[in-house]
Amino acid sequence: MKPEEMELIVVSCPTYDHGTPPTSALLQERLNIPNCAEIEVHSNCAGVGKSVQIAFDALRSGRYRTALVTYSQLSSMFLRGCYLNQPKMDRVHAAMRWILADGAGALVLEAQPDGNIEHEILGTFTESVGPGRPPGMTAGGYAADLIKASCQIPQMYDKAGYHLWQDFAATNKNAGPLLLDALCKFTKQLGINSDSVDHYVLSIPTIQFYNIQYDSFITRLGITREQGKFRGANTGYCGGASILLHLDEMIRTGELKTGQTAIVHSVESSKWMSAGFAVKW
């Protein structure tokens, strides 16, 4: 597509290039798009589903004809040795350096009013169930941590309050059921049986987590390991970008075949959100 054909950009990522100007406007400039609408979504793993929903609804309403949805995960920003206060590192910080990787992905969506659709977004799903639950992932060093004059960047460094941290016990307990509940609601919303979906492309960070949750997936969704593979062995876990990387690989290798349905879905532990989309290829 030519740059001037793109009418909407939706950018999602947990960390931006600058506080201002927005990364969405900078991406527009890098792509030489002379004018378009641009929207940023501040989110981690659930950012892809949220952004697809925004673009999908905007195209269906007739407001735009084309949309670029992008997600970028720059985990290494939090995990470099020079960034960390080493004496304050604990097992969680070390584990995050082992699990997380950098990655990015993008989708181009087009409205087809004549009904001649080659690949179709069937629907989207977003849900937040976080109220009353402590955050499962935090990264400090922002306004809420710096509001007091007595606690600024030197003090933040001393106590390592800016380190990326995750509650692994809460994630192991809550992420699987949240993902399952969302997938059951989503397939019901689409009016299809969960076991009729050919592929579930899911944000599962480790093979250990996959094996722990697999029996529940079989019981609730009635799917096989072939329908819901663990796909992170060769890519690491790139947060929200993971599902786009896996979808792209499935398309390039021919694993996702014409006429098949895939649900592409992520869970975000930061405040317990879930988002995804379904596509008929």
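Taken together, the values in this text are just the output of simple stated rules run on the coordinates, not laboratory data. Quantities reported herein were computed from a predicted structural model and do not represent experimental measurements. Please note: Cβ atoms are built from the backbone with ideal geometry, for glycine as well, and neighbour counts cover all protein chains shown.
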The stretch 1-58 to the stretch 139-197: how many Å between their Cα centroids?
22 Å
Could you tell me the convex hull volume per residue, in Å³, taken over the Cα atoms of the stretch 165-281?
96 Å³
How large is the convex hull of the Cα atoms of the stretch 58-104 per residue, expressed in Å³ as a whole number?
113 Å³
Going by a ≥ b ≥ c, the root eigenvalues of the Cα gyration tensor, does the chain fall in the rounded group (a/c under 1.5), the prolate group (a/b larger than b/c) or the oblate group?
oblate
The stretch 148-155 - phi-based ³J(HN,Hα) in whole Hz, Karplus 6.51/-1.76/1.60, Gly and Pro as x:
8, 4, 7, 10, 10, 4, x, 5
Neighbourhood net charge (13 Å Cβ-Cβ; Lys/Arg +1, Asp/Glu -1) for S242
-2
Nearest 5 percent is fine: what portion of the DSSP beta bridges confined to the chain is antiparallel?
65 percent
Excluding residues on the same chain fewer than 8 positions from K173, give the lysines whose Cα lies under 21 Å from its Cα.
K185, K229, K271
Whole-Hz couplings from phi, Karplus 6.51/-1.76/1.60, listed for the stretch 101-109; x for Gly and Pro
9, 7, x, 7, x, 8, 10, 10, 10
Counting helices only, and only those DSSP H runs with n ≥ 4, report the 222 nm mean residue ellipticity of the chain as the sum of -39,500 (n - 2.57) divided by its residues, in deg cm²/dmol to the nearest 500.
-10500 deg cm²/dmol
Just report the Cα centroid separation between the stretch 107-135 and the stretch 242-271, whole Å.
13 Å
What are the ³J(HN,Hα) values, in whole Hz, obtained from phi via the Karplus relation 6.51 cos²θ - 1.76 cosθ + 1.60 with θ = phi - 60°, for each residue of the stretch 80-97 in sequence order, with x given for Gly and Pro?
6, x, 5, 8, 8, 7, 3, x, 8, 5, 10, 4, 4, 4, 5, 5, 4, 5
To the nearest whole percent, what portion of all C-alpha pairs in the stretch 1-150 is separated by more than 25 angstrom?
43 percent
